[in-house]
Structures are given as structure tokens and as C-alpha cells.
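The values are calculated or read from the model by the stated rules, or taken from the named source; none is laboratory data. Just so it is clear, the model here is predicted, and its values are computed rather than measured. For neighbour counting, all protein chains shown are included, and Cβ atoms are generated from backbone atoms with ideal geometry for every residue, glycine included. Ligands, DNA and RNA are stripped out before the accessible areas are found, and what is left, the full protein with its side chains, is counted by its heavy atoms. Shrake-Rupley method; radii C 1.70, N 1.55, O 1.52, S 1.80 Å.
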Amino acid sequence: MTDDDLIAAARSAAAQSYSPYSQFPVGAALLFADGSVVTGTNIENASYGLALCAETVAVSKAMADGVRGGLVKVAVTGPDDRGGGDPITPCGRCRQVLNELAQLGGTDPEILCVGPNEVRRTTMSALLPDAFGPASLS
Ligand code: THU
């Protein structure tokens, strides 16, 4: 699974976005240590505040299937014609949700923030330093 493959998986997930209110389709693809990929896309609601982000949907799908770690890389894509050409980065809530899965497996996943002109590479720990996670409760 190359980075381009992971990004393509995120873009493909975004094609299923249910975002009639924002018209802002987002895709997320999670790569696990065993090579498996789980994708998600944003799902909005007529009650606007109930929107589910792509990353949260992807983590929910993985955890509902019993995955509890092994997260090594994440790709996030937004619409290429919005945001002034900058890549989108996971929102604050999604950082926390991604961190839960990462910390369960003791990994610090690379996060590929994909824009129309560049792929910005960062890490979970850079996006959410001093994170509150499962270890904080023990
Ligand atoms: N959105 C995501 O799916 N992920 C993020 O990290 C940021 C925002 C979605 C939520 C909403 O459906 C749309 O983008 C506009 O905010």
C-alpha cells in the first residue's frame, strides 16, 4: 500500500460523502500494521450540529470491527476546489478520536493531509501534543 494508494482510498471514500449542507466532502483512510485499510467519509444531518466527520466514521468502523491498535498511517482529503489550496487537517474532535485508537496500540501514526497542490505530512503527536488518552486514566 503506497501513500498514493492510501490517498486514492480516501478520495474514493469521499465520493460517498453525505454532505448536502456543507457541500464539503471529506475522505479518510486508515492504514493498519497488517496492511488493512478502513475508510470513512463525512455524514451530515438536517440537525447540522450532528455531522459526523470522515475520520471519526473511519475510526468507528474499525473499532466496531474489533480493531484496537496498529494504526500506522492516515490520509485525509477534502474538496480540492475549496480552502484556498491548503490541505485540510483533522478537526480537534477527530484528533482526539484518532488518538484513542493510536494510543491503544502504542503507535504515533503519520497523518497525510491532502490538498490540491501538496500532501502535508505530520504525525498524531504533532497534531495533538500532550494528549489525554487511555493511559491518562490508569
Ligand atoms: N469534516 C470532516 O469530515 N473532517 C474534518 O476533520 C473537518 C470537517 C467535515 C464535517 C462537515 O461535514 C464538513 O467537513 C464541513 O465542516
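Taking all protein chains into account, the per residue accessible area for the chain stands at 50 Å² (1.4 Å probe). Stokes-Einstein diffusion of the stretch 3-137 at 37 °C, 0.692 mPa s viscosity, Kirkwood radius from Cα pairs, rounded to a whole number: 224 µm²/s. In a DSSP loop and with at most 12 other Cβ atoms within 10 Å, the GluC sites (Glu not before Pro) in the stretch 41-138 are 118. Please report the spacing between the Cα centers of the stretch 16-40 and the stretch 53-118 in Å, no decimals. First find each Cα centre; the distance between them is then 8 Å. Most simply put, the chain has about 75% antiparallel DSSP beta bridges, counting only bridges with both residues inside it. Element breakdown for the stretch 1-61 at a 1.4 angstrom probe: carbon and sulfur atoms account for 56% of the accessible area.
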